[in-house]
Amino acid sequence: MGLVGHVSTREGVGMGGAMKARWVLAGLAAAFMLICVVCVGLYAVGYLVHEESKAVGDVVDKGYYSFDPMTLLSVIDDGQGLHVEATEPPGELVPTTVSWTEHDFHRVAVAIATPRQIEGLNLTEVAFHLPCDYVDHGPETMRFTFSDTARGSAEKPHREVKTRIEMSTGRAYWWVWEHYPAYSIPSSIEWLELPVGAADALEVAERQGGATYRNTVNDACKIHGYLVWGKWSVRYTALEETTCFEARIDAETGKHSVGSCD
């Protein structure tokens, strides 16, 4: 009996040790899961805070100019730049019928951006806008974005200077942005050497269905062109309908596809 009792005691100890080991492992697993949940939660909170801060805190400087579209280009050619910065919000302005080329818009954008310290920044985004009944005159408004193509850091955020030139109303706007390191940096655009520029993209879009779309809505639409990552998107959007036509064009090769907007 004593021998049996002795063996029973050892078995009990062994079983107790195994039970304790299982509990320890279970505890460690639970702790690990808790740590993972906390980490994910902190990441999510950090991400949301970061996204919110991006939405409200990235513009570090901004302003706008008032100019005469008939004389501005000659002023820039004379080396005077844009020296009259508006101090009052834009009022109601009468559009002008003067036409600029896309390179005229670019010259104005550079004149606006240069005082914003764009040394080392590259052109990364271009956009144009016009009402459909203005299509024979070319873009009415253009936007140019100059970016630091080096990835930023917490100590040195990625920097951008955005410009918007409204030739028909004589207004030009600029914004200086700072982005966080995770910001996706578009590729540089060699604007003066680009095979398919804004006028070319608009012409392709017109030939491939844009003109037909304008006729179906009696020119009651707007045209928006956007170039980034080497691709043009030219969209025709009706003013009072939900329809939309889009042409997608490769800025290097001119290859294109058309269809309704996504």
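The values are calculated or read from the model by the stated rules, or taken from the named source; none is laboratory data. Just so it is clear, the structure is predicted and the values come from calculations on it, not from any experiment. Here Cβ is always computed from backbone atoms with ideal geometry, including for glycine, and neighbour counts include all displayed protein chains.
Odds and ends about this structure:
Yes or no, residue by residue, for (1) of a type in the set (D, E, K, R); (2) at pLDDT below 95:
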| residue | (1), (2) |
| --- | --- |
| Thr96 | no, yes |
| Thr101 | no, yes |
| Ile112 | no, yes |
| Arg116 | yes, yes |
| Ala127 | no, no |
| Pro131 | no, yes |
| Asp136 | yes, yes |
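- The single condition among (1) under 29 Å from Thr253 (Cβ atoms); (2) modelled with pLDDT of 90 or more; (3) assigned to a strand (DSSP E or B) that Glu160 does not satisfy is (2).
- Residue selected from segment 204-253 under the condition of a type in the set (A, V, I, L, M) and part of a strand (DSSP E or B), by the criterion farthest from Phe144 (Cα to Cα): Ala238
- Which listed residue, of Val234, Val258, is over 24 Å from Arg159 (Cα atoms), surrounded by 15 or more Cβ atoms within 10 Å (Cβ to Cβ) and over 18 Å from the mean Cα position of the chain (by Cα): Val258
- The set of residues in segment 128-140 being buried (at least 19 other Cβ atoms within 10 Å of the Cβ) and not in a helix (DSSP H, G or I) consists of Phe128, Leu130, Gly138, Pro139, Glu140.
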